[in-house]
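Comments concern the structure below.
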Amino acid sequence: MGIEEKIGQLQAHQKKLRAYKHAMNLLNYDGSTLMPSGGADYLSDTLETLSGEEYCLRTAPEVRELLLKLTEVSEKLDLQTRREAEELLREQNRLLRVPKEEVMALESAASRATACWQEARKNSDFAAFAPHLEKLIEIKKRYAGYIAPEKPVYDVLMDDYERGMNQKDMDAFFGELKSALTPLIGQVKEAGQPDTPFMEGPFDTARQKALSGMLMDIMGLDRTRCVLGESAHPFTTEFSRFDVRITTRYTEDDLTGNLYSVIHEGGHAMYELSIGDALSYSVLGEGASTAIHESQSRLWENYIGRSREFCHLLLPKLKELFPAQFSGVTAEELYRAVNLARPSLIRTEADELTYPMHILIRYELEKAVFGGDLKAADLPGEWNRSYREYLGVDVPDDARGILQDIHWAGGDFGYFPSYALGTAYAAQIFDALKQDVGVARCCETGDFAPVRQWLTEKIYQYGMIYTPAQLIERTCGKAFDPGFYILYLREKFGRLYGAGL
Ligand code: ZN
């Protein structure tokens, strides 16, 4: 069999994998949006069966043989094919270490835990969720033991989200953030807050929906390939580069929740929608990593969406939709209102300055669960203690505390650190973007095509062809440096809350 034929087989294999991904992502999406709660158990069974089938497909002996043969002749392959074989073999090696029953058990436990979490969060009932959490922690500990018994469990888990991410590097990263941000947050707490009565609402849901549509259009999201739905926890899921779903949530007394969820998830969606044609059926046809993905949502949400220039663009639209609230408001007042820095309880609603502390808390708790002896049952107490220590806030109930995020219910431990890392990547990428593109001018004209084109050219089109480190180096001309993030926060919040910061 010649190389061409082998490449053909590799492509056919990837097309099958994409079909499984399409089906399973669609089922998961439905489970988080429209499915009646009674369907949860049957959905779990279906996902368990499908994940077993996918496992068999990925680990089939003939696929192994194909991948090993392609690896032998890797120097004769083009970059895309070489990377596809490399990624598939890496994943296969990983899966072959984990018994199929464990993979299926995780899928099933995560699906059941997610259904339980939705109810538990509603009722602020951690006790109902705790057994699920405990089970998932046990499964993940076993999983890490299968994958790399010689490594710390938490390093193995983080590596699933950001290749190479480990406690040594993240301790240094968070250490730097903590020492730079703690005094800043303290000073912001002392400083007075601007008066923002216009943000109190009520904001009619139908009008908020109109705003969502406007935002998607401003960003230039292709509405024939991207739709917006609603869910308890906003998220993005992609079935292919032809069908990306984003969600938001509406509350009438809060405008910014929906506003910035749409821009954030829109940033994730734009990445997926802009991946190159050649990767449509490839395993490389998705974002390079969770942190690179987050860098794209944060770049749109914060670095563009929370800028003074973007507030100038936004204000006339808000005046049109909500005249009672915004008629006398200036762009500067809006800018200050969407950048209020105030320690708070909910991560997804946190301002840019205090956000990294929410992640630091989760990072330390995960470290203690997987590297120490912190038990699931003790997590709420530790959570509440950390919020008091780092943010100075008292957690009134578990719904606004430990139950606020969906990640642990899905078995996603080691995911959170990538949020802070991604936000820091975004600061450096944004700095490079501004050197080439007049972002302020885009805000003036409301035409963000130059930003989209630059990001597509530098990042989006490549999917997973390049690693995160390679992408940063190629895009910014230098290796990752968290200094850009710290400088950005210092300057922005220094100006907002007085030069003394
Ligand atoms: Zn995100």
Number of the exception - TYR154 against (1) touching a Pro at 6+ places or on another chain (Cβ under 9 Å); (2) under 19 Å from THR290 (Cα atoms); (3) away from the ligand (no atom under 16 Å from the Cβ); (4) touching a residue at least 40 places away in the same chain (Cβ under 8 Å): (1)
Restricting the range 324-339 to residues that are surrounded by 17 or more Cβ atoms within 10 Å (Cβ to Cβ) and under 19 Å from LYS492 (Cβ atoms), the one farthest from the ligand (Cβ to nearest atom) turns out to be GLU333
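Out of GLY483, GLY477, GLY414, GLY438, I need the residue that is surrounded by fewer than 22 Cβ atoms within 10 Å (Cβ to Cβ) and on the phi > 0 side of the Ramachandran plot. Which one?
After ruling out the rest, the residue left standing is GLY477.
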Qualifying residue in the range 443-450 (condition: touching a His at 6+ places or on another chain (Cβ under 8 Å) and more than 13 Å from the ligand (Cβ to nearest atom)): yes
Looking at the range 403-421, I want the residues that are outside the structural domain of SER44 (by TED's automatic domain parsing) and have a partner that is more than 16 Å from the ligand (Cβ to nearest atom) and among the polar types (S, T, N, Q) with Cβ atoms under 7 Å, at least 6 apart or on another chain. Which pairs are those? LEU403/SER124; ILE406/THR114; ALA409/THR114; GLY410/THR114
Output for the range 222-271, where each listed residue is away from the ligand (no atom under 13 Å from the Cβ), among the charged types (D, E, K, R) and part of a helix (DSSP H, G or I): none
Any helices (runs of 4 or more DSSP H) falling wholly within the range 1-99 and containing at least 1 residues that are touching an Asp or Glu at 6+ places or on another chain (Cβ under 6 Å): 3-32, 40-59
Residue match in the range 24-34 (condition: surrounded by 18 or more Cβ atoms within 10 Å (Cβ to Cβ), closer than 15 Å to MET104 by Cα and at pLDDT 95 or above): yes
Search result, residues across the range 132-142 that are surrounded by fewer than 22 Cβ atoms within 10 Å (Cβ to Cβ) and in contact (Cβ under 8 Å) with a residue 24 or more places away in the chain: GLU134, LYS135, ILE137, ILE139, LYS141, ARG142
Among the residues of the range 272-323, how many are in contact with a Gly (Cβ under 8 Å, 6 or more places away or on another chain), part of a loop (DSSP other than H, G, I, E, B) and within 16 Å of the ligand (Cβ to nearest atom)? 3
Considering each of ALA127, ALA144, ALA120, ALA85 in turn, give the residue that is out of contact with any helix residue (DSSP H, G or I) (no Cβ under 7 Å at 6 or more places or on another chain), hydrophobic (A, V, I, L, M, F, W, C) and modelled with pLDDT of 95 or more. ALA127
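For the range 435-501, list the helices (runs of 4 or more DSSP H) that sit wholly inside it and hold at least 3 residues that are over 19 Å from ARG298 (Cβ atoms) and in the same structural domain as LYS317 (by TED's automatic domain parsing); which are they?
Working: elements: 439-445, 449-458, 468-476, 483-496.
Per the criteria, 439-445, 449-458, 468-476.
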Give the residue, chosen from PRO417, PRO450, that is modelled with pLDDT of 95 or more and closer than 30 Å to ASP155 by Cβ. PRO417
Could you check the range 395-425 and list, in sequence order, the residues that are charged (D, E, K, R) and either over 18 Å from HIS264 (Cβ atoms) or touching a strand residue (DSSP E or B) at 6+ places or on another chain (Cβ under 9 Å) (or both)? ASP397, ASP398, ARG400
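The values are calculated or read from the model by the stated rules, or taken from the named source; none is laboratory data. Computed from a predicted model, the values in this text were never measured in an experiment. With ideal geometry, Cβ positions are generated from the backbone for all residues, glycine too; neighbour counts draw on all protein chains shown.
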